[in-house]
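Written out below as structure tokens is the structure these notes cover.
Please treat every number below as a calculation from the coordinates, not as lab data. The model shown is predicted, which means the values in this text are computed figures rather than measured ones. Using ideal geometry, Cβ is built from the backbone for each residue, glycine included, and neighbour counts are taken over all protein chains shown.
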Amino acid sequence: MIVDPAASSIHDIEKLLVGVILPRPIAFVSTVSLDGVANLAPFSFFTAVCPKPPVICFCNSIRTRDGQKKDTLRNVEATGEFVVNVVSEDFAPQMVACSGDYPPEVSEFDISGLTPIPSDLVRPPRVRESRVQMECRLLQVVTISTEPGGGSLVMGEVLRFHVDESVIASGRVDPDKLRPIGRMGGIDYVRTTDRFSMTRPKI
């Protein structure tokens, strides 16, 4: 099968992308508006960029239903700050509750029942239930398209890592203790409990 994006709908291309780029880690991003409303939203187009300085990124799409930016991007552009909270399996349902398109004046912390706690260096709160939180300062927003279905790449420098001691073993984050989840296509998610090891070649 060959798919020509120019001859396909946005929804078909989105389904293809999320069906083949698997699994995807989840950035549970907390921001705050200039009015002081805390926002919390999950993004599964998310990865690390580099360790020096520590930079992470996530992609925020333009809504297809109304062609508007999401609250997360508006808040990041306005304040220059955000927090990425790692999602563990035990609060996955609360994370999904935050994925709805709520009005800007509504805080997803209230919707989900998750607990906001102060950050050290940035204004957006962290999620207490998350075992790993990364306080970030915005470095750059790269806008690919402002059309519905388009989006922006948001890059931020991690100013502070908060790692719960309960997920540390032998000096490393233990995935069996962290129990992170990933995003698949549609409504499906994945656990990270089925793993195998391979050694890189030494040249």
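Each helix, a run of at least 4 DSSP H residues, gives -39500 (n - 2.57); summed and divided by the residues of the chain, these come to -4500 deg cm²/dmol at 222 nm. Here the scattering of segment 108-168 is modelled by Debye summation over its C-alpha atoms, one equal scatterer each and no solvent; at q = 0.17 Å⁻¹ the log10 of I(q)/I(0) is -0.76. Here is the result for segment 1-100: no chymotrypsin sites (Phe, Trp or Tyr not before Pro) lie in DSSP coil with at most 13 other C-beta atoms within 10 angstrom of their C-beta. When each of K70, K177 is scored by the number of other beta-carbon atoms lying within 10 Å, the sequence from fewest to most is K177, K70.
Counting only other residues whose beta carbon sits under 13 Å from that of A92, what net charge do I get with K and R as +1, D and E as -1? Charge balance in the 13 Å sphere: -1. Around R160, under 11 Å between beta carbons, what's the net of Lys plus Arg minus Asp minus Glu among the other residues? Net charge in that neighbourhood comes out at -1.
Using a 10 angstrom cutoff on alpha carbons, build the Gaussian network for the chain and name the most mobile of V141, V86, V106. Comparing V141, V86, V106 in the GNM, the peak value goes to V106. Between the amide H of R128 and those of T115, I117, distances stay under 5 Å, these residues lying 5 or more places away or on another chain, with hydrogens modeled in the peptide plane.
Among I111, I181, I187, rank each residue by its count of other Cβ atoms within 10 Å, from fewest to most, as a rough exposure measure.
On the way: I111 14, I181 20, I187 7.
Lowest to highest Cβ neighbour count: I187, I111, I181.
Determine the sum of side-chain charges near V18: Lys and Arg each +1, Asp and Glu each -1, restricted to other residues whose C-beta is under 11 angstrom from that of V18. Walk me through the numbers on the way to the answer.
On the way: positive: K15, R24, R183; negative: E14, D188.
With Lys, Arg at +1 and Asp, Glu at -1, the net is +1.
Residues T47, T31, T143, ranked from the fewest to the most other C-beta atoms within 10 Å, line up as T47, T143, T31.
Take the alpha-carbon centre of segment 166-203, take the same for segment 119-148, and report the distance between them in whole Å. Between the Cα centre of segment 166-203 and that of segment 119-148, the gap is 22 Å. Evaluated at q = 0.18, 0.23 Å⁻¹, the base-10 log of the normalised Debye intensity for segment 13-102, with identical point scatterers placed on the Cα atoms, takes the values -0.93, -1.38.
Of all lysines in the structure, those lying under 22 Å Cα to Cα from K69, and not within fewer than 8 positions of it along the same chain, are K15.
For the peptides 159-169, 93-103, residues were scored by their other Cβ atoms within 10 Å and the scores averaged per peptide; the highest-first order is 93-103, 159-169. Label zone of R63 (point 7 Å out along Cα→Cβ, amide N under 20 Å): in segment 109-129 this covers 109-112. Of the options (i) 13.9; (ii) 10.7; (iii) 12.7, only one is mean projected area of the Cα convex hull in nm² as computed from these coordinates, and that is (i).
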